[in-house]
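Quick notes on the structure that follows.
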């Protein structure tokens with residue numbers, strides 16, 4: 001089964017680029033059983049990205065209060081995601097909302113996991129912070145190697 | 001009323017967060033003697049000062065920067081900005097360029113209307129707190145709405161270069177135009193969009209619409225031909241027909257203490273309404289073919305004055321946009337052109353962008369003209385709707401949150417977004 005890796009986030013908002021950056025690096029190392037796409041959010045695009053395949057891995061920055069660079073893995077097929085993956089403003093929808101919509105519509109993939117990378121800085125135009133940079137390298141190695 | 005003293009104490013109902021509207025908004029209702037006395041719609045987000053930071057920028061940067069005012073209707077801002085600059089330079093774009101722009105616009109209307117009708121607005125009629133809750137019981141329309149929005153995204157991506165904040169449009173034409181083959185390849189998707197839109201219209205027309213009519217002052221664009229989209233004069237149902245350049249002659253904008261959105265009034269008439277009801281009332285004679293049939297099927301007359309039924313107009317406009325896109329898609333061809341002028345029509349309201357040209361062609365003064373004031377000035381509308389609800393709810397002994405829901409619903413009727421409204425009046 002091919003697993004689709006979806007890197008969610010906004011490249012221009014500091015550590016929110018973690019997801020797209022993982023997807024970009026993986027795209028260079030993609031194999032037959034792994035594909036990688038970037039998604040800059042929004043309910044429709046995120047919903048489309050996570051549906052229509054059997055196995056999905058979403059990589060997204062999170063803001064849970066953990067130490068920056070902390071990597072956590074959640075099984076979204078088992079139940080709702082923690083609030084750290086919900087949209088942080090009234091301007092959009094987050095991964096959590098897209099996952100729940102897919103769940104109630106019966107479109108959730110059999111396997112869907114979310115890898116959260118704790119961010120530190122979300123400023124417009126800011127570069128990735130060092131702990132997040134390190135976490136991205138770890139996640140890419142694990143996914144490409146595993 | 002105090003049951004012991006019999007006194008009526010003024011009561012304030014505060015709605016701190018408007019859900020299912022992009023951006024942040026609050027409503028305060030003041031009730032005296034069981035009657036709604038005052039309504040304030042607050043838009044607390046700060047102005048983003050586009051007027052200031054666009055100064056000195058090259059005209060080539062203006063459309064892309066101005067588009068950032070809104071993520072739901074970026075094309076409207078982009079198009080208005082490009083047309084303002086074109087007008088300043090005396091440029092008229094070629095007909096193929098204009099048709100391609102209109103096709104891009106259709107993509108935005110499909111995106112915006114599908115999101116608004118299904119995910120933001122429909123839950124109000126069916127009694128769900130969110131589109132997510134509604135999806136459990138009404139999966140089909142939600143899936144259809146998402147698919148329709150996706151087709152709108154595809155259209156935006158093909159012509160605009162990406163689905164939100166497109167980048168292909170420029171002053172005088174396009175940076176890149178799609179090939180004839182690319183445009184025509186989208187035709188089956190656009191046919192599908194037409195079917196989906198009609199299906200959604202048939203779904204929403206079965207909703208229960210509360211009875212409420214108001215004698216609105218309607219303001220909309222009206223083009224020389226067709227339903228208004230990217231050009232035209234500003235017209236009202238009180239005989240106005242003004243060139244967009246004469247905006248300042250008939251409209252006045254004011255700062256109010258409670259909101260960061262300017263309030264606009266029409267000279268001699270005060271608050272006025274824009275959005276689907278106004279657009280439809282002033283242009284329903286321009287609908288033809290499947291769109292006219294759809295309006296008839298929805299039970300819409302030539303004018304619709306019930307704000308709750310704006311969802312029907314929006315559904316008809318989805319049919320219109322899809323069918324119009326099919327037509328343009330079939331006729332579509334890649335084009336290289338340069339020229340045009342004026343304000344354009346967001347899915348929400350007419351948009352005016354004003355750019356003043358300096359000697360070098362940079363923007364000397366630029367107003368991000370989110371002329372969406374109309375409905376902020378429409379508090380009387382909220383007042384009346386809420387007042388009725390309040391009386392009825394009082395009779396039924398409902399809790400305060402029952403009284404909140406109707407005015408919030410009324411805010412969602414005309415518009416999907418609040419965040420693009422805050423701005424300062426340019427001096």
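The values are calculated or read from the model by the stated rules, or taken from the named source; none is laboratory data. Computed from a predicted structure; not experimentally measured. Counting neighbours? That spans all protein chains shown, and the Cβs are built from the backbone with ideal geometry, glycine included.
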- Collect the residues in the stretch B:255-283 that are under 23 Å from residue B:84 (Cα atoms) and assigned to a strand (DSSP E or B), keeping them in residue-number order. B:261, B:262, B:263, B:264, B:265, B:266
- Taking into account only those residues within the stretch A:52-64 that are in contact with a helix residue (DSSP H, G or I) (Cβ under 6 Å, 6 or more places away or on another chain) and surrounded by fewer than 19 Cβ atoms within 10 Å (Cβ to Cβ), which is nearest to the other protein chains (Cβ to nearest Cβ)? A:63
- Query: Applying the selection to the stretch A:1-25, what residues are assigned to a helix (DSSP H, G or I) and either at positive phi or within 12 Å of chain B (Cβ to nearest Cβ) (or both)?
  - Reply: A:14
- For the stretch B:138-153, indicate whether the set of residues that are away from chain A (no Cβ under 14 Å), on the phi < 0 side of the Ramachandran plot, surrounded by 18 or more Cβ atoms within 10 Å (Cβ to Cβ) and touching a helix residue (DSSP H, G or I) at 6+ places or on another chain (Cβ under 6 Å) is non-empty. no
- Unmet requirement for residue B:281, which otherwise passes all of (1) modelled with pLDDT of 95 or more; (2) surrounded by 20 or more Cβ atoms within 10 Å (Cβ to Cβ); (3) more than 25 Å from residue B:411 (Cβ to Cβ): (3)
- Considering the stretch B:288-299 alone, what residues qualify as being in contact with a helix residue (DSSP H, G or I) (Cβ under 6 Å, 6 or more places away or on another chain) and part of a loop (DSSP other than H, G, I, E, B)? B:298
- Task: Name, by its number, the condition in (1) surrounded by fewer than 19 Cβ atoms within 10 Å (Cβ to Cβ); (2) in a loop (DSSP other than H, G, I, E, B); (3) at pLDDT below 90 that does not hold for residue B:342.
- Result: (1)
- Note on the structure: Checked against (1) touching a strand residue (DSSP E or B) at 6+ places or on another chain (Cβ under 7 Å); (2) farther than 30 Å from residue A:101 by Cα; (3) at pLDDT 90 or above, residue B:169 satisfies every condition except (1)
- How about the stretch A:31-51: which of its residues are within 14 Å of another protein chain (Cβ to nearest Cβ) and either more than 27 Å from residue B:131 (Cβ to Cβ) or in a helix (DSSP H, G or I) (or both)? A:43, A:44, A:45, A:46, A:47, A:48, A:49, A:50
- Mind checking whether some residue in the stretch B:157-166 is within 11 Å of chain A (Cβ to nearest Cβ), buried (at least 22 other Cβ atoms within 10 Å of the Cβ) and modelled with pLDDT of 90 or more? no
- Out of the stretch B:15-59, which residues are within 12 Å of another protein chain (Cβ to nearest Cβ), within 15 Å of residue B:261 (Cα to Cα) and touching a strand residue (DSSP E or B) at 6+ places or on another chain (Cβ under 8 Å)? B:22, B:23, B:25, B:26, B:43, B:44, B:45
- Quick check: anything in the stretch B:81-97 part of a loop (DSSP other than H, G, I, E, B), modelled with pLDDT under 90, under 24 Å from residue B:255 (Cα atoms) and out of contact with any helix residue (DSSP H, G or I) (no Cβ under 9 Å at 6 or more places or on another chain)? no
- Message: Can you go through B:71, B:56 and tell me which one is over 21 Å from residue B:255 (Cα atoms), assigned to a loop (DSSP other than H, G, I, E, B) and within 20 Å of the chain's Cα centre (by Cα)?
- Response: B:71
- Query: Looking at the stretch B:198-217, is at least one residue away from chain A (no Cβ under 14 Å), in contact with a strand residue (DSSP E or B) (Cβ under 8 Å, 6 or more places away or on another chain) and surrounded by 14 or more Cβ atoms within 10 Å (Cβ to Cβ)?
  - Reply: yes
- Would you please list the contacts, defined by Cβ atoms under 7 Å and residues six or more apart or on different chains, that run from a residue in the stretch A:90-108 that is more than 7 Å from every other protein chain (Cβ to nearest Cβ) and part of a helix (DSSP H, G or I) to a residue that is modelled with pLDDT under 90 and surrounded by fewer than 20 Cβ atoms within 10 Å (Cβ to Cβ)? A:96/A:80; A:96/A:86
- Item | All positions within the stretch A:25-37 that are surrounded by fewer than 20 Cβ atoms within 10 Å (Cβ to Cβ) and in contact with a strand residue (DSSP E or B) (Cβ under 7 Å, 6 or more places away or on another chain) | A:27, A:30, A:33, A:34, A:35, A:37
- Which number in (1) surrounded by 13 or more Cβ atoms within 10 Å (Cβ to Cβ); (2) modelled with pLDDT of 85 or more marks the one condition that residue B:49 misses? (1)
- Query: From the list B:41, B:62, B:18, B:29, which one is under 21 Å from the mean Cα position of the chain (by Cα) and over 25 Å from residue A:94 (Cα atoms)?
  - Reply: B:41
- Where residue A:28 falls short, out of the listed (1) over 20 Å from residue A:110 (Cα atoms); (2) touching a residue at least 40 places away in the same chain (Cβ under 8 Å); (3) more than 14 Å from chain B (Cβ to nearest Cβ): (2)
- Message: So in the stretch A:109-118, with the set limited to residues that are within 12 Å of residue A:57 (Cα to Cα) and in contact with a helix residue (DSSP H, G or I) (Cβ under 9 Å, 6 or more places away or on another chain), which one is farthest from the other protein chains (Cβ to nearest Cβ)?
- Response: A:115
- Message: Being without any contact (Cβ under 8 Å) to a residue 60 or more places away in the chain and either more than 11 Å from chain A (Cβ to nearest Cβ) or surrounded by 21 or more Cβ atoms within 10 Å (Cβ to Cβ) (or both) is the filter here; which residues of the stretch B:106-137 pass it?
- Response: B:111, B:127, B:128, B:134, B:135
- Tell me, yes or no, whether the stretch A:57-72 has at least one residue that is in contact (Cβ under 8 Å) with a residue 60 or more places away in the chain, more than 11 Å from the chain's Cα centre (by Cα) and assigned to a helix (DSSP H, G or I). no
